[in-house]
Amino acid sequence: STPKEDDFAFAGLDKRGYTPISRSDLLLQNKNEDGTENQKTLMHVMDALATHGALVVDLTDEGTNFKLALKMAKMWEAGKLFYDTLDSKPELESSLPGMQAVEEESRSLHAKVGYANVDNGELQCLETRFLRSDNTLLPKEARDILGIDATNALREAFDVVCDIGKDIVRVSVGASSAVSDAFLDDLEREPSEEDELRNNVKSSQAALLMANELMDDGKVLGDSSSISDLQEGSVNMSPHRLYRYTNKGASKSNDNKASSLSREILDSHTDSSFITCVPVAAVGGLEVFDEDTEYWYRPELMARKSWQKEMEARGADSSALFENVSGEGGEETQLPWHARYIVVIPGEFMQLTTRDEVPAAVHRVVAAKNKTFQLGAPILMCGRPGMKLDVPRYLGHLDLAGPLLNEVNGKSIDEIHNAMQ
């Protein structure tokens, strides 16, 4: 369907699955004392992802801790710096490599870095990855444009997002395994309450192990894993993309409508990731197809409305674009409202490892009307390419896993990724 303008777009409802979840609710420390997941957190995560296709995360825990949001604000500054530099020094654009595989470093043809400019600047994309050993940003030509501070800002934001992504996968996959009785000790008899408790605890523990070992956060596993033959590659497989796009060319589109209307920049699709984490932008362009309502849902609008509601409760200006907060050194600083939130979208690996409990979300990106440029900075959390999906280790009994998980059991992440294409 044709994208709607903000005033008419669907921004969710006043229900649990749409409202933002606090970052701290997802932490391991929030689990119950018996080792099971916090039920309120579990239900919130599963409702948002399985029912609506997106979970909004508040990095500030409802305005009580701004440390993570300040790091995201620096990431947005880095993205703006990159494109502002290209605008002021257009000759630098030719120094950037096109999208190219770094197979010799990554063990996978799917590890690409580089820069693309589509339709004379209507869509620009810098795809970055980090070397696992020393956090070096690729491509190096982008590093030269960004400089040290901006490059470090990208890495810090990447770490923030990856930690959240791994927690969400832990909760989701653990919930799926628990419901499937995947870790019951004895499948032949009716389980007791103690059996069910052990099943739930083991499901959460195995999901945590999977998130740490398979999801590529750009770090070296080393001694943190008991797997003797680590095949993770030297290049991080989770790309961080810096997009800039505009609606200036809408008048040339097939519908003959001028740029006063929104239009699709990236067509509807699913991602072959575990999850895709989308930092909420100043001008949102993300739309997720909500299977429950059958509407295109704008989670970034939901984040904005949540922020406005909080400002109104404080007696602050809800129409503002910034709020005054204490910086890292205690000084007062202006934080862009949107730096407080990220949107998490389930991908095809999430659908696989949750036994279809959480389907890969169909989503698209639209350019808003009358906007010169919009920025986007999604991180696609993929798997370490050579690591193997050991179903009994991560997901429990094979005979309860279903035919697809049995088929991919023991295959490498890269082999499974190739089969999904």
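Out of (1) farther than 21 Å from Gln231 by Cα; (2) open to solvent by 70 Å² or more (accessible area, probe 1.4 Å), what's the single condition that is false for Lys411?
Only one criterion is unmet by Lys411, namely (1).
Quick one: how many residues across the stretch 343-400 are of a type in the set (D, E, K, R) and part of a helix (DSSP H, G or I)?
Counting residues in the stretch 343-400 that are of a type in the set (D, E, K, R) and part of a helix (DSSP H, G or I) gives 3.
Given the residues Ala50, Ala54, Ala101, Ala111, which is the only one that is touching a residue at least 40 places away in the same chain (Cβ under 8 Å) and under 17 Å from Glu127 (Cα atoms)?
Ala111
Just need a number here: residues in the stretch 346-375 that are among the β-branched types (Val, Ile, Thr) and farther than 21 Å from Leu395 by Cα.
Of the residues in that region, 4 qualify.
Give the residue that is surrounded by the most Cβ atoms within 10 Å (Cβ to Cβ), with candidates limited to residues of the stretch 301-347 that are charged (D, E, K, R) and in contact with an Asp or Glu (Cβ under 7 Å, 6 or more places away or on another chain).
Among those residues, the one meeting the criterion is Arg340.
Could you please let me know if Glu91 is open to solvent by 30 Å² or more (accessible area, probe 1.4 Å) and more than 30 Å from Gly329 (Cβ to Cβ)?
Yes: the conditions hold for Glu91.
Select, from Asp58, Asp25, the only residue that is closer than 21 Å to Glu310 by Cβ and open to solvent by less than 20 Å² (accessible area, probe 1.4 Å).
Just a single option satisfies the conditions, and that option is Asp58.
Take the stretch 274-285 and flag every residue that is open to solvent by less than 10 Å² (accessible area, probe 1.4 Å), closer than 13 Å to Ala303 by Cβ and assigned to a strand (DSSP E or B).
Once the filter is applied, which keeps residues that are open to solvent by less than 10 Å² (accessible area, probe 1.4 Å), closer than 13 Å to Ala303 by Cβ and assigned to a strand (DSSP E or B), the stretch 274-285 yields only Pro279.
In the stretch 349-406, which residue that is of a type in the set (Lys, Arg) and within 26 Å of Gln231 (Cβ to Cβ) is most open to solvent (accessible area, probe 1.4 Å)?
Lys388
Any residue at all in the stretch 23-34 that is modelled with pLDDT of 95 or more, outside any loop (DSSP other than H, G, I, E, B), in contact with a Lys or Arg (Cβ under 6 Å, 6 or more places away or on another chain) and of a type outside the set (A, V, I, L, M, F, W, C)?
No: the stretch 23-34 contains no residue that is modelled with pLDDT of 95 or more, outside any loop (DSSP other than H, G, I, E, B), in contact with a Lys or Arg (Cβ under 6 Å, 6 or more places away or on another chain) and of a type outside the set (A, V, I, L, M, F, W, C).
If Cys125 satisfies all but one of (1) more than 15 Å from Asn236 (Cα to Cα); (2) under 19 Å from the mean Cα position of the chain (by Cα); (3) part of a helix (DSSP H, G or I); (4) not charged (D, E, K, R), what's the number of the condition it fails?
If we test Cys125 against (1) more than 15 Å from Asn236 (Cα to Cα); (2) under 19 Å from the mean Cα position of the chain (by Cα); (3) part of a helix (DSSP H, G or I); (4) not charged (D, E, K, R), just (3) comes out false.
Restricting the stretch 245-273 to residues that are outside any helix (DSSP H, G or I) and at pLDDT below 50, which is most open to solvent (accessible area, probe 1.4 Å)?
Here the residue is Asn254.
The values are calculated or read from the model by the stated rules, or taken from the named source; none is laboratory data. Quantities reported herein were computed from a predicted structural model and do not represent experimental measurements. Note that each Cβ is placed from the backbone with ideal geometry, even for glycine, and that neighbours are counted across all protein chains shown. When the accessible area is computed, the model is the full protein with side chains, heavy atoms only, and any ligands, DNA or RNA have been set aside. Shrake-Rupley method; radii C 1.70, N 1.55, O 1.52, S 1.80 Å.
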